[in-house]
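In what follows, a structure is listed as structure tokens, so that the remarks can point back to it.
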There are 2 protein chains.
Amino acid sequence: MIRLSSSFVRTLREDPADAEVASHKLLVRAGYIRRSAAGVYTWLPLGLKVLRKVEQIVREEQDAIGAQEMLFSALQPKEPYDATGRWTEYGPTMFRLKDRREDDYLLAPTHEEMFTLAVKDLYSSYKDLPAMLYQIQTKFRDEARPRAGLLRTREFVMKDAYSFDVDDAGLDVSYDKQRVAYQRTFERLGLPTVICQADAGAMGGSRSEEFLHPTPVGEDTFVVSDGGYAANVEAVTTVAPPALDEAAIAALPAMHVEDTPGASTIAKLTDFSNEAFPGRGPIAESGEWTRYEMLKHLVYLLTHPDGTTEPLVIALPGDREVDAKRLEAAVAPAVAAPFSDADFARTPVLKKGYIGPIGLGLESESQIRYLVDPRVVPGTAWVAGAGEKDKHVYDLVYGRDFTADGTIEAAEVRDGDPAPDGSGPLRMTRGMEMGHIFQLGRKYAEALGLNVLDENGKTAVVTMGSYGVGVTRAVAAIAELNHDEKGLVWPRALAPADVHIMATGKGAEVFEEAERIAAELEARGLEVLYDDRPKVSPGVKFKDAELLGMPTSVVVGRSLAEGKVEIRDRRSGEIREVSPAEVVDAVVAEVREG
Amino acid sequence: MIRLSSSFVRTLREDPADAEVASHKLLVRAGYIRRSAAGVYTWLPLGLKVLRKVEQIVREEQDAIGAQEMLFSALQPKEPYDATGRWTEYGPTMFRLKDRREDDYLLAPTHEEMFTLAVKDLYSSYKDLPAMLYQIQTKFRDEARPRAGLLRTREFVMKDAYSFDVDDAGLDVSYDKQRVAYQRTFERLGLPTVICQADAGAMGGSRSEEFLHPTPVGEDTFVVSDGGYAANVEAVTTVAPPALDEAAIAALPAMHVEDTPGASTIAKLTDFSNEAFPGRGPIAESGEWTRYEMLKHLVYLLTHPDGTTEPLVIALPGDREVDAKRLEAAVAPAVAAPFSDADFARTPVLKKGYIGPIGLGLESESQIRYLVDPRVVPGTAWVAGAGEKDKHVYDLVYGRDFTADGTIEAAEVRDGDPAPDGSGPLRMTRGMEMGHIFQLGRKYAEALGLNVLDENGKTAVVTMGSYGVGVTRAVAAIAELNHDEKGLVWPRALAPADVHIMATGKGAEVFEEAERIAAELEARGLEVLYDDRPKVSPGVKFKDAELLGMPTSVVVGRSLAEGKVEIRDRRSGEIREVSPAEVVDAVVAEVREG
């Protein structure tokens, strides 16, 4: 029994100054958590109870699919992370430290390397596989912008699971098991999620899906269509127009350079084109020019993980901006930064403001990498810089007048863009990443030498999957989803206690009766929080009960003299009176029926 | 049910090369743990189950005395540890790191500061106290010599509890509650412990006791007497001879300087004295000189936490060596290093080999700190260096001819030395520290401003206690105590499973019957480990069962045809045959009766 008179809980009437979102405000005000440093939190007793319940649900669903729990250290030596390249690739988000011998260590952000080595240590044959292993463990990531209380922290509890299979078909089976386990887990946690196609980013690999919980406080943007498509913005593939064949391309007007004085921006170039060449644009009846055809060229400096750099020119329709996260995902593990004036000065072939496709590409003399938006297909005609001031090229046809080194998914995705699977227009939605399942493939096994002998006695590289749930973040998301203006409203399965008993009166008989009810409910197997504080007013006790958020509460107060106690439902606000003789059965029924 | 065919367990027939103690060898060989770096271990599935059971026992005994569980982060900012001085005092054993903003952080070795700040945050009145809080959490210490597998690691699970009281009497009550909880905890863990008086060392404070588990692999030396005295070597206080009064001292022979050519060591000086002044030594009938009277002077360079240094001269009877750990504890938080030749060169007043007490002391001209062994009491007569080559002073009487700045407990303790409480001679014993309870007093509360208003409305500084159990180390100690030459022998309460079922035969009926027994035992609430591996010989299965160490095993094999299965007791080796119909009841009875 949790007795409020001696519990390490204090409620606050004011929101903490640094809190922006409801979960953060309420978890602090209700005495569940406290901040100890930027993005680092302390779990007070009530908060820890919620955390452990969330962990236990995650654990049970992992156990249910045959995953085996183990536990790795947070402190890990550099070497395995060097072997996979992650020591470098992870960048400043990885906490690094040296021990007293000046050896390099890290605080693991995830444990792919260590699980891979553990399986390499114990297993050697295809007969040992498949294997699914997991841990619920404290992770460390030096986030640039820890935010919103528990939503993005630098030390947090995560469930990370890894699957090991001898072939791709096996990986698909393991992946699907985890996918189902995640659906069950989030259902039990009461967190609606949308399964989004995700970019695997720095993790490499093929299938990759995020479980996003739609919420306005989410920091991920994702897109959905009415036909059921859902994807992380980084993972959306662009629907390209049909390409023309060679004969059709040959029939298009030849390209021509025009003087375009002062048309130094897309907007000006569009206006100029409509003034100088009215009726010659591509819009069917009016012949109008739009910003779309004005092919925009942007230059970046790519820095590869090994430290080498190279320029990258990206071309995209003039009505689109580059989306920084899509660009980041598209070039990973390299990092792209906008070309600086100094970079331009060092690269005279790139004439800022008048860059066009001619002379770009790894196979051109310039050897500058040149990538285009997927909408730039053979037979599409564009207006672009001619490489010198106040001149542009018109009727520049891709596949005839210029080519590129490839395409890049870097242009922004907009509301109304078509879903790549033809399931209708996309809508932008905000969400929070609750889980992520990846097919890592053989990247880690290859880097660390995890092989087994296959059925034919030949060496096979093991293929892996990686599956994460943010346990700490789930607590925040649950609090965010389950609150009102008065406080928290815990789901029954996750509340720190099943029932909150309040003695609201001055007479000893009120406390005695409340104590009896609390003890009987505990004897019946319920977790009981009992507000036994003397000299605290009923108003304060009611307010605290609403703030703390147990799903059911019992008030033993003035009406006890008339043979009545109250049962209150936190979520509906419903209050009903029962006799003291009935209250235990009534509460047990309510808790058990859920 | 744990099925060995698919469990992440592999046994090894050979001891790991780096293992010295049985617990380390067997926990690795049986697939409970793996090393991931020096002093850093991975818990494989079976090991994790044992760890969790030990944690749960520790938790239950904390809960039983009303301690409340919470959870602090491992990553902590420097500031609170600066305020208490521990950022500096903890030395290289504290893992330190910087975040991406170059701010200083540490991985907490213990959490006194954070618990103190948490109580300061929530509490403000004497009515809020007493409070007892704890966590079971991962700690980090960069040990200079991680050793013996889990016995001394750099990342480990620890239960650390802290008590908060308004006065010393309250602290005594809290301390005694933890003392009882520790006795119960170690009893449930099956670990005999001796409660030893301990030096509080760098933690400061008054009462301090260690729970030492006597074992030859322990790295702590402690002493016990037949009369019940037990203490850490660092905590033993020396029994001093009676001092003489002034009149008696005045009657002693005057001191005199003698030529002692070549007597540059204690041994030579003793021999020289017996030759040059036979019959004038203190031994009652023979007048023999012993090494005891040859007062040994040793010089150290003390380095204080703030980086300042000073020389320190220690004098002790010539038949004793300095005990490095006692010296370390005696000078903490300063650190003592032997005076180097360069140090001697810089300090000409200290003539190496001929140092004596004359001219030493903070109030002398030299201003050199001078401390003596507690046996050096007023009226004791000594032989010591005269401060120049080949000369010594005889009949040098403490309290008449020289004094010191104080005493120091740095001399070695020996078998046969008297216990300070008069309970008989001391015996040296080796043990392993399993728990430690301290009265911290007001050090942390003062440094961090943890005050409450007392009954009279006045500000009172809170007094604290600190109580730790090494959970990881307990697993090792339990394995160390519970093994034989064949493998581990887990106590029932801590085994990863209650029973180990083996199907040792080729026929399908053997596996079917074993499966039925396993399923029924699980249905009866037992944790079952089932060796369902096909094509593994009975011999290998028996050996693995002995290595893994479940307390009870069931063999379903050849004798099944005759209507018999075997129940084996791992500890006694006893084997009995029962019918398949009886086996479930028989095993349940055995497990329940414990």
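The values are calculated or read from the model by the stated rules, or taken from the named source; none is laboratory data. None of the values given here were measured: they were computed from a predicted structure. Cβ: placed from backbone, ideal geometry, glycine included. Neighbour counts: every protein chain shown. Quick note on the areas: whole protein, heavy atoms, side chains included, nothing else; ligands and nucleic acids left out. Shrake-Rupley method; radii C 1.70, N 1.55, O 1.52, S 1.80 Å.
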Label 7 Å along Cα→Cβ of B:Gln56; the stretch B:179-199 residues with amide nitrogen under 19 Å? B:184-191
√(5λ) per eigenvalue of the Cα gyration tensor, the protein assembly as shown, largest first, Å: 64, 42, 35
Keeping the other protein chains in place, figure out the carbon and sulfur percent of the accessible area of the stretch A:497-593, with a 1.4 Å probe. 50
Can you list the residues of the stretch B:119-163 whose accessible area drops by at least 40 Å² going from the chain on its own to the full set of protein chains, with a 1.4 Å probe? B:Leu122, B:Tyr123, B:Asp142, B:Arg154, B:Glu155
Highest average packing first - B:62-72, A:462-472, B:455-465, Cβ atoms within 10 Å: A:462-472, B:62-72, B:455-465
Using a 1.4 Å probe on protein heavy atoms only, how many Å² of accessible area do B and A hide from each other, summed over both chains and rounded to 100? 4500
Binned at 5 Å from zero, the C-alpha pair distances of the stretch A:246-407 give percents of 2, 9, 17, 22, 21, 14, 8, 5, 2, 0, 0
Using a label point 7 Å beyond Cα on the Cα-Cβ vector, give me the inter-copy distances for A:Arg100 in nanometres, one decimal, shortest first. 3.2
Check the axis relating chain B to chain A and name the residue of B whose C-beta is nearest, distance in whole Å. B:Leu97, 2
How big is the Cα convex hull of the stretch A:1-43 in projection, averaged over all directions, in nm²? 3.5
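Using 0.36 nm times the number of residues separating B:Arg184 and B:Glu321, minus their current alpha carbon distance, what extension gain do you get? Write down the numbers at each step before the final one.
Working: separation 137, 0.36 × 137 = 49.32 nm, distance 3.87 nm.
Extending this stretch completely gives an extra 45.4 nm.
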If you put a point 7 Å past Cα along the Cβ direction, how far is that point for A:Asp585 from the same point in each other copy, in nm, smallest first? 3.8
Exactly which trypsin sites (Lys or Arg not before Pro) in the stretch A:71-165 are in a DSSP loop and have at most 12 other Cβ atoms within 10 Å? A:Arg101
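If you take the square roots of the eigenvalues of the alpha-carbon gyration tensor of the stretch B:497-593 and sort them as a ≥ b ≥ c, do you get rounded (a/c under 1.5), prolate (a/b over b/c) or oblate?
Since a/c stays below 1.5, the shape of the stretch B:497-593 is classed as rounded.
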Would you be so kind as to list the residues of the stretch A:1-20 that have their accessible area lowered by at least 40 Å² in the full protein complex compared with their chain by itself (1.4 Å probe)? A:Phe8, A:Arg10
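Taking square-rooted eigenvalues a ≥ b ≥ c of the alpha carbon gyration tensor, is the stretch A:527-581 rounded, prolate or oblate, where a/c under 1.5 means rounded and, failing that, a/b exceeding b/c means prolate?
Since a/c reaches 1.5 but b/c is at least a/b, the shape of the stretch A:527-581 is classed as oblate.
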Any idea what angle helix B:580-593 forms with the longest principal axis of chain B, computed on alpha-carbon atoms, 0 to 90 degrees, nearest 10? 20
Accessible-area loss of at least 30 Å² in the complex relative to the chain alone (1.4 Å probe) applies, within the stretch A:74-103, to A:Leu75, A:Pro92, A:Phe95, A:Leu97, A:Asp99, A:Arg100
Short version: what are the Cα gyration tensor semi-axes of the stretch B:318-406, square root of 5 times each eigenvalue, largest first, in whole Å? 21, 18, 13
Using alpha carbons only, how many degrees (0 to 90, rounded to 10) separate the axis of helix A:266-276 from the longest principal axis of chain A? 40
Using the Cα centre as the reference, give the magnitude of the dipole from point charges on the C-beta atoms of the protein assembly as shown (Lys, Arg: +1; Asp, Glu: -1; all else neutral), rounded to the nearest 20 debye. 320
Relative contact order as a percentage, chain A, C-alpha pairs under 8 Å and 6+ apart, gives 17
Applying the Karplus parametrisation 6.51 cos²θ - 1.76 cosθ + 1.60 with θ = phi - 60° to the phi angles of the stretch A:284-294, what ³J(HN,Hα) value in whole Hz is obtained for each residue in order, glycine and proline being reported as x? 3, 8, 7, x, 6, 8, 10, 5, 3, 6, 7
Ratio to report: Rg/Rh of chain B, with Cα atoms as the point set and Rh obtained by the Kirkwood method; give two decimals. 1.08
Among B:His297, B:Pro241, B:Gln178, whose Cα projects farthest towards the positive end of the dipole of the stretch B:166-302, with charges put on the beta-carbon of Lys, Arg (+1) and Asp, Glu (-1)? B:Gln178
Per residue, how much accessible area does the protein assembly as shown show when a 1.4 Å probe rolls over the protein heavy atoms, in square angstrom? 41
Would you work out if the stretch B:26-90 is rounded, prolate or oblate? Take a ≥ b ≥ c from the square roots of the eigenvalues of the alpha-carbon gyration tensor; rounded if a/c is under 1.5, else prolate when a/b is larger than b/c, oblate otherwise. oblate
Which trypsin sites (Lys or Arg not before Pro) from the stretch A:1-73 combine a DSSP loop assignment with at most 16 other Cβ atoms within 10 Å? A:Arg10, A:Arg13
For B:His304, go 7 angstrom from Cα along the Cα-to-Cβ vector, then report the distances to that same point in the other copies in nm, smallest first. 5.8
Among B:Thr463, B:Phe438, B:Leu448, whose Cα sits farthest toward the positive end of the charge dipole of the stretch B:418-504 (+1 at Cβ of Lys/Arg, -1 at Cβ of Asp/Glu, about the Cα centre)? B:Leu448
With only helices counted (DSSP H, runs n ≥ 4, each -39500 (n - 2.57)), the per-residue ellipticity at 222 nm for chain A, to the nearest 500, works out to -8000 deg cm²/dmol
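Mind checking the mean number of beta-carbon atoms from other chains within 10 Å of the Cβ atoms in A:44-54?
Across A:44-54, the average partner-chain Cβ count within 10 Å equals 2.
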Report the Rg/Rh value for the stretch B:127-202, based on alpha-carbon coordinates and the Kirkwood definition of Rh. 1.02
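To check you understand DSSP bridge types, tell me what percent of the beta bridges within the stretch B:449-581 (both residues inside) are antiparallel, rounded to 5.
Around 60 percent antiparallel, to the nearest 5.
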Set B:Lys543/B:Lys564; A:Lys268/A:Lys389; B:Lys127/B:Lys177; A:Lys49/A:Lys78 screened for pairs whose C-alpha atoms are more than 26 Å apart: A:Lys49/A:Lys78
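Calculate how many DSSP beta bridges within chain B are antiparallel, expressed in % of all such bridges and rounded to the nearest 5.
Roughly 80 percent of the beta bridges in chain B run antiparallel, per DSSP.
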Could you give the angle, 0 to 90 degrees to the nearest 10, between helix A:45-64's Cα long axis and the longest principal axis of the Cα atoms of chain A? 60
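Multiply the residue gap between A:Glu310 and A:Arg524 by 0.36 nm, knock off their C-alpha separation, and tell me the result in nm, one decimal place. All intermediate terms of the calculation are to be shown ahead of the outcome.
Details: separation 214, 0.36 × 214 = 77.04 nm, distance 6.97 nm.
That pair, A:Glu310 and A:Arg524, stretches by 70.1 nm at full extension.
Can you list the trypsin sites (Lys or Arg not before Pro) in the stretch A:238-309 that are in a DSSP coil and have 14 or fewer other beta carbons within 10 angstrom?
Within the stretch A:238-309, the qualifying trypsin sites (Lys or Arg not before Pro) (loop, at most 14 other Cβ atoms within 10 Å) are A:Arg280.
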Given backbone amide H placed at 1.01 Å from N, residues whose amide H is under 5 Å from that of A:Tyr530, ignoring those fewer than 5 places away on the same chain, are A:Ile2, A:Arg3, A:Leu4, A:Ile501
Of all beta bridges DSSP finds with both residues in the stretch B:246-407, what is the antiparallel percent, to the nearest 5? 70
Any of A:Lys541/B:Lys159; A:Lys296/A:Lys325; A:Lys25/B:Lys159 with alpha carbons more than 25 Å apart? Name them for me. A:Lys541/B:Lys159; A:Lys25/B:Lys159
I'd like the carbon and sulfur percentage of the solvent accessible area for the stretch B:208-275, probe radius 1.4 Å, heavy atoms only, ligands and nucleic acids excluded. 58
